[in-house]
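What follows is a short report on a single structure.
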Amino acid sequence: MNSIVAQVFRFIIFLGLQIFIFNNIRFLNSINPQIYLIPLLLLPLEMKKWIQYIVAFLTGFLIDIFFNVYGVHALAALLLVFIKPYWMFLINGFRPVEGTFKPVPGEKDLNWLLLFVFGITFFHQLIVSIFETFNMSEFFHIIWITLLNAIFTTIVIISILYLFYSEKKK
């Protein structure tokens with residue numbers, strides 16, 4: 001029960017930070033860190049898939065409401081939760097995860113965390129950029145904005161993980 005309360009509290013905090021602070025941050029007029037991805041990245045793989053999809057949809061839907069876009073973040077969050085176990089399996093070298101999966105410092109090394117967070121973030125930002133632009137004639141602009149957003153968001157997420165979620169190896 002304590003874990004569920006902690007998960008809900010984490011979602012409320014990061015959604016609030018995203019909505020009231022990080023939505024107002026714009027570097028180079030188009031780079032916006034997406035820290036609301038942290039609770040989605042930290043969702044336990046052991047959690048039932050339908051619960052993960054509901055959480056992802058509600059998270060994306062709330063962000064869509066405050067971004068004034070229609071379904072873009074909900075779709076990207078749903079796809080993020082769908083692709084997360086496959087991406088993790090791929091970067092683990094096609095080995096299944098032993099025990100409980102926690103993508104936090106102390107449990108995983110920095111290189112693994114960077115690869116995991118950047119891959120998921122890049123995929124998420126690509127979906128968001130494609131559907132926000134919805135014009136494939138701007139393909140290189142979409143890739144450029146996706147890359148910049150993914151790099152910046154990855155740096156912010158990794159920094160937050162090291163500040164607040166470091167765990168000692170057992």
So, in segment 59-92, of the ones that are hydroxyl-bearing (Ser, Thr, Tyr) and assigned to a helix (DSSP H, G or I), which residue ends up surrounded by the fewest Cβ atoms within 10 Å (Cβ to Cβ)? TYR86
Exactly one of ILE38, ILE21, ILE4, ILE31 is among the β-branched types (Val, Ile, Thr), closer than 20 Å to PHE118 by Cα and modelled with pLDDT under 90, and that residue is ILE31
Can you go through LEU115, LEU148, LEU163 and tell me which one is modelled with pLDDT of 90 or more and over 12 Å from ASN32 (Cα atoms)? LEU115
Which pairs have Cβ atoms under 8 Å, sit 6 or more apart or on different chains, and link a residue in segment 47-69 that is closer than 19 Å to ILE120 by Cα and among the aromatic types (Phe, Trp, Tyr) to one that is at pLDDT 90 or above and assigned to a helix (DSSP H, G or I)? TYR53/LEU78; TYR53/VAL81; TYR53/PHE82; PHE57/ALA74; PHE57/ALA77; PHE57/LEU78; PHE61/HIS73; PHE61/ALA74
Within segment 1-41, the residues that are of a type outside the set (A, V, I, L, M, F, W, C) and on the phi > 0 side of the Ramachandran plot are ASN29
Residue satisfying condition, being among the β-branched types (Val, Ile, Thr) and out of contact with any helix residue (DSSP H, G or I) (no Cβ under 9 Å at 6 or more places or on another chain), within set ILE63, ILE155, ILE142, ILE91: ILE155
Could you tell me whether any residue of segment 88-101 is under 24 Å from ILE12 (Cβ atoms) and within 13 Å of the chain's Cα centre (by Cα)? no
Qualifying positions in segment 1-20 - under 21 Å from TYR165 (Cα atoms) and among the hydrophobic types (A, V, I, L, M, F, W, C): MET1, ILE4, VAL5, ALA6, VAL8, PHE9, PHE11, ILE12, ILE13, PHE14, LEU15, LEU17
When residues of segment 107-163 are limited to those that are of a type in the set (Gly, Ala, Ser) and buried (at least 18 other Cβ atoms within 10 Å of the Cβ), the one farthest from MET88 (Cα to Cα): SER129
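Do we find a residue being modelled with pLDDT under 85 and either among the aromatic types (Phe, Trp, Tyr) or part of a loop (DSSP other than H, G, I, E, B) (or both) anywhere in segment 49-56?
no
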Single unsatisfied condition, PRO103 versus (1) at pLDDT 90 or above; (2) surrounded by 15 or more Cβ atoms within 10 Å (Cβ to Cβ): (1)
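The values are calculated or read from the model by the stated rules, or taken from the named source; none is laboratory data. These numbers were taken from a predicted model, which means no experiment stands behind them. In this analysis, Cβ positions are derived from the backbone assuming ideal geometry, glycine residues included, and neighbour counts consider all displayed protein chains.
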